[in-house]
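Peer 1: This is the structure, below, for whatever I ask next.
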Amino acid sequence: MNKKRLLIIFVKNPELGKCKTRLAATIGDEKALVFYKNMLQKTKEEVEELAFDKAVYYSSFIDKDDLWPNNPPFYKHIQNSNPDLGVKMQSAFEDAFNNGYESVCIMGSDCYSLNKETLESAFLALEHKDVVLGPSNDGGYYLLGMNKPYVDFFQNKTWSTDTVAPDTVLDFKNLNLSYQLLDELVDIDNEEDFNTIPKEERNKLLIRY
């Protein structure tokens, strides 16, 4: 019997000048906003057919009129107001486990290559491992999953640096947890990352919305 599973999706409210700021530094705020809206659409397309609940956590406010459905299996929340990313993620995981979920993964909306097959494999890993991690090219991670809450993963981290994923794996080892690493993928944070996307797809991502 499958455990009760939840995919947490952290998103930023798509507002001009407030999203993909490092990418915007070279391609401009307007193109960066179009790109991010397209990334949100792509994320929705990858997750909507997956056979588990999805919780969308907004950075600023819950938008009832955006692309995300307002009905199950989608649920809308706002991120913890603390500016520390670790506190925000820990709070979302605690909400999930307090609501009876037994297997929970969190992801962002910055990874172009993250697809439904990878997300399914993350939950499959949690059927026989304590935790799962999807490392990103910048030393962070695009996905973290677990079967019970571990506060250690969200403490003593220097977020947005290349130490985050290695330090998290060290937590796994220190806690004697079984774990699985997924394939390393690219988080699209700047123009160099953006250029790893095939040119034809890049063009679509800048005009589609």
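Peer 1: Under the 0.36 nm per residue contour assumption, what length would be gained going from the current alpha-carbon distance of residue 41 and residue 98 to full extension?
Peer 2: Values: separation 57, 0.36 × 57 = 20.52 nm, distance 2.91 nm.
Extra length available between residue 41 and residue 98 comes to 17.6 nm.
Peer 1: Please report the antiparallel percentage of the DSSP beta bridges confined to the range 33-186, to the nearest 5.
Peer 2: So the antiparallel bridges in the range 33-186 amount to around 50 percent.
Peer 1: Continuing with this model, one more query. Note down the magnitude of the dipole of the chain about its Cα centre, charges +1 on Lys and Arg C-beta and -1 on Asp and Glu C-beta and zero elsewhere, to the nearest 20 debye.
Peer 2: Taking the Cα centre of the chain as origin, the dipole is about 400 debye.
Peer 1: Got a sec? Charge dipole of the chain, +1 on Cβ for Lys and Arg, -1 for Asp and Glu; which of 175, 51, 39 is way out at the positive end?
Peer 2: Positive-most Cα among the choices belongs to 51.
Peer 1: Could you tell me the calculated FRET efficiency between residue 63 and residue 184, based on Cβ-Cβ distance and R0 = 30 angstrom, to the nearest 0.05? Don't skip to the end; give the middle numbers.
Peer 2: Values: r = 32 Å, r/R0 = 1.05.
FRET efficiency, residue 63 to residue 184: 0.40.
Peer 1: Using all Cα-Cα distances in the range 1-105, what percent lands in each 10 angstrom bin from 0 up to the longest?
Peer 2: Reading upward from the zero bin: 14, 41, 34, 9, 1.
Peer 1: Now for a different question. With a probe of 1.4 Å, find how much accessible area the chain has per residue, and write the answer as a whole number in Å².
Peer 2: Using a 1.4 Å probe on heavy atoms only, each residue of the chain averages 50 Å².
Peer 1: Expressed as cubic angstrom per residue, what is the convex hull volume of the alpha carbon set of the range 92-209?
Peer 2: 117 Å³
Peer 1: Of the accessible area of the chain, with the probe set at 1.4 angstrom, what percent is carbon plus sulfur?
Peer 2: C and S fraction of accessible area: 46 percent.
Peer 1: Next question. May I ask you to give the average projected area over all directions of the convex hull of the Cα atoms of the chain, in nm² rounded to one decimal?
Peer 2: Mean projected area for the chain: 11.2 nm², to one decimal.
Peer 1: Using just the helices of the chain, give the 222 nm mean residue ellipticity in deg cm²/dmol: DSSP H runs with n ≥ 4 each add -39,500 (n - 2.57), and the total is spread over all residues, rounded to 500.
Peer 2: So the helix-based figure for the chain works out to -10500 deg cm²/dmol.
Peer 1: Same structure, new question: Given a Förster distance of 41 angstrom, what is the FRET efficiency for residue 159 paired with residue 200, based on the Cβ-Cβ distance and rounded to 0.05?
Peer 2: That pair, residue 159 with residue 200, gives E of 0.80.
The values are calculated or read from the model by the stated rules, or taken from the named source; none is laboratory data. Note that the structure is predicted; figures quoted are calculated from it, not measured. Here Cβ is always computed from backbone atoms with ideal geometry, including for glycine, and neighbour counts include all displayed protein chains. The accessibility values were calculated without ligands, DNA or RNA, using every heavy atom of the protein model including side chains. Shrake-Rupley method; radii C 1.70, N 1.55, O 1.52, S 1.80 Å.
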